[in-house]
Amino acid sequence: ELGVERRFVPESCPRAVRPGDFVRYHYLGAFPDGTRFDSSYDRGSTFNVFVGKGQLIAGMDQALVGMCVNERRFVKIPPKLAYGSEGVPGVIPPNAVLHFDVLLIDLWNLEDEVQVQTYFKPEKCPRTVQVSDFVRYHYNGTFLDGTLFDSSHNRMRTYDTYVGIGWLIPGMDQGLLGMCVGEKRIITIPPFLAYGEDGDGKEIPGQASLVFDVVLLDLHNPKDGIAIENQLVPESCERRSQTGDFLRYHYNGTLLDGTLFDSSYSRNRTYDTYVGKGYVIAGMDEGLLGVCTGEKRRIIIPPHLGYGEEGRGKIPGSAVLVFDIHVVDFHNPSDSVSITVHYKPSNCTVLSKKGDYLKYHYNASLLDGTLLDSTHSLGKTYNIVLGSGQVVLGMDMGLQDMCVGERRTVVIPPHLGYGEDGVEGEVPGSAVLVFDIELLELVSGLPEGYMFVWNGEVSPNLFEEIDQNHDGEVLLEEFSEYIQTQVDTGKGKLAPGFDFEKIVKNMFTNQDRDGNGKVTAEEFKLKDQEAKEEHDEL
């Protein structure tokens, strides 16, 4: 009788051999005394055959039925179910009992199809793989018995390919359809949908079933454009970015599977660039158009609008990029100062002008509301001479034509503020500045070009009055004392907001034309007595 001893049965046996199945197995063939007459191991290849179709001796045809992959059986076959009274000349004697130690490696049927078992699927699956899509995935490739023949993980590089256009074996083309990014599935492929009778000539033998454990990392189609998901749009959006604008924004850059490859937050500095000018990848150039200050949006960029097939740095080739951006501010190089008046007193006759001495309070912030500075917190006003370069040009412009008690907001683009460099530790480079201002005091300045004016008639003997010791020469001390007296008695007025000693020294230097530290009567001239010069005279 046929004897079958099941020496090892795997815990999992999803499928057992039936007549008509094709099997691949290893075996050792021996006589009852232990003499070996054949071995597939010695040949280095499995024995491949259909079961129940007369391609095997009858005893083996029967003994293989019901076996699982990785099961091991010890089979005793009597002569009548083996080679009978004739035997095989030179190999198997007549009426020989045969012993076979069999290990089943593979099992499939001509009616089989690709089998797909999904063991993880993300909650969100906005898109699945379709024919002509390009995918990036990792895989472990094994035979049905679990033997690993290939792994993209070992190469530390994804497998990148189009789906459904013949770049893959037919079974993988089918098995990848319908997958989501992040999904994990096991794809089992019969050999006639894989590498067939010949195998691949390297690792995969002929007639081998293949099992791929796949995780999909990326998915796009060459026809894709960028995708925008608005996450936060401010209620007030007076202006949207256009081609030629300069933007400052923060971002997190990830791959489609969530892998972070870059972040401006980690550098604690915004990314600053022109939009629509080719300074950034094409997809970002497009995705940054139409944004508001303070807006948060997600921009999904296919590789042909990103870094293409080659990738860059931590970004692999053919990768879809996901940028979560937060727009901090933007401006255009053609922008000027923007002024919004919130309050103006009814009695507003005296307006600020160049040369006036102003005292004002302000709150300074970035366009996104980040507070930079405030005179209120210091408990004192900020004091300047308007138009003298004591503040940035945009503030000089924003304080013009203002009356005491007026409140206004002045928005200053960076080219009229602190420029590309900003102020280290205080104002970021290329930042738009917002000043909320209240003018508290205004002291009218002098006419342009004058540092001192008389309030009445000028003495005809002015030089003699200044030359107190009547030696025909005026020293700085005499000059300074005389000017101080005129100011104290109300006869003259100095330009407000400047240091007295510096003004007087400047005036004296302009009169001391030969630079010897003394002013003579010949050198001494009033402003209207000489031709126009680039000096501030009396």
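Do we have Gly29 as open to solvent by 20 Å² or more (accessible area, probe 1.4 Å) and either farther than 20 Å from Thr147 by Cα or not aliphatic (A, V, I, L, M) (or both) here? It is false that Gly29 is open to solvent by 20 Å² or more (accessible area, probe 1.4 Å) and either farther than 20 Å from Thr147 by Cα or not aliphatic (A, V, I, L, M) (or both).
What are the residues in segment 183-216 that are closer than 30 Å to Tyr307 by Cα and either open to solvent by less than 30 Å² (accessible area, probe 1.4 Å) or not assigned by the TED database to the domain that holds Ser152 (or both), if any? Correct list: Glu183, Arg185, Phe212, Val214, Val215, Leu216.
When Tyr83, Tyr119 are checked against the criterion of being in contact with a strand residue (DSSP E or B) (Cβ under 9 Å, 6 or more places away or on another chain), open to solvent by 20 Å² or more (accessible area, probe 1.4 Å), among the aromatic types (Phe, Trp, Tyr) and in a strand (DSSP E or B), a single residue qualifies: Tyr119. Only one of these conditions is not met by Arg248: (1) more than 27 Å from Tyr119 (Cβ to Cβ); (2) surrounded by fewer than 19 Cβ atoms within 10 Å (Cβ to Cβ); (3) basic (Lys, Arg). Which number is it? Against the list (1) more than 27 Å from Tyr119 (Cβ to Cβ); (2) surrounded by fewer than 19 Cβ atoms within 10 Å (Cβ to Cβ); (3) basic (Lys, Arg), Arg248 comes up short only on (2). When Asp335, Asp329 are checked against the criterion of being closer than 30 Å to Met397 by Cα, touching a Pro at 6+ places or on another chain (Cβ under 7 Å) and either of a type in the set (Asp, Glu) or assigned to a strand (DSSP E or B) (or both), Asp335 stands alone in meeting it. The requirement of being open to solvent by less than 20 Å² (accessible area, probe 1.4 Å), outside the structural domain of Ile186 (by the TED database) and more than 19 Å from Pro190 (Cα to Cα) is fulfilled somewhere in segment 36-51, by at least one residue. Taking (1) surrounded by 18 or more Cβ atoms within 10 Å (Cβ to Cβ); (2) of a type in the set (A, V, I, L, M, F, W, C); (3) under 28 Å from Gly317 (Cβ atoms) in turn, Leu289 satisfies each apart from (1). For the condition under 53 Å from the mean Cα position of the chain (by Cα) and open to solvent by 30 Å² or more (accessible area, probe 1.4 Å), Pro14 qualifies. Applying the criterion of being among the basic types (Lys, Arg) and free of Cβ contacts under 8 Å to residues at least 24 places away in the same chain to the residues of segment 461-515, the residue that is most open to solvent (accessible area, probe 1.4 Å) is Lys502. Here Glu238 does not qualify as more than 16 Å from Leu256 (Cα to Cα), more than 20 Å from the chain's Cα centre (by Cα) and not assigned by the TED database to the domain that holds Gly283.
The values are calculated or read from the model by the stated rules, or taken from the named source; none is laboratory data. It should be emphasised that the depicted structure is a prediction, and the values quoted were computed from it without experimental measurement. A quick note on method: Cβ atoms are made from the backbone with ideal geometry, for glycine too, and the neighbour counts reach across all protein chains shown. These area figures cover heavy atoms from the full protein model, side chains too; ligands, DNA and RNA do not enter into them. Shrake-Rupley method; radii C 1.70, N 1.55, O 1.52, S 1.80 Å.
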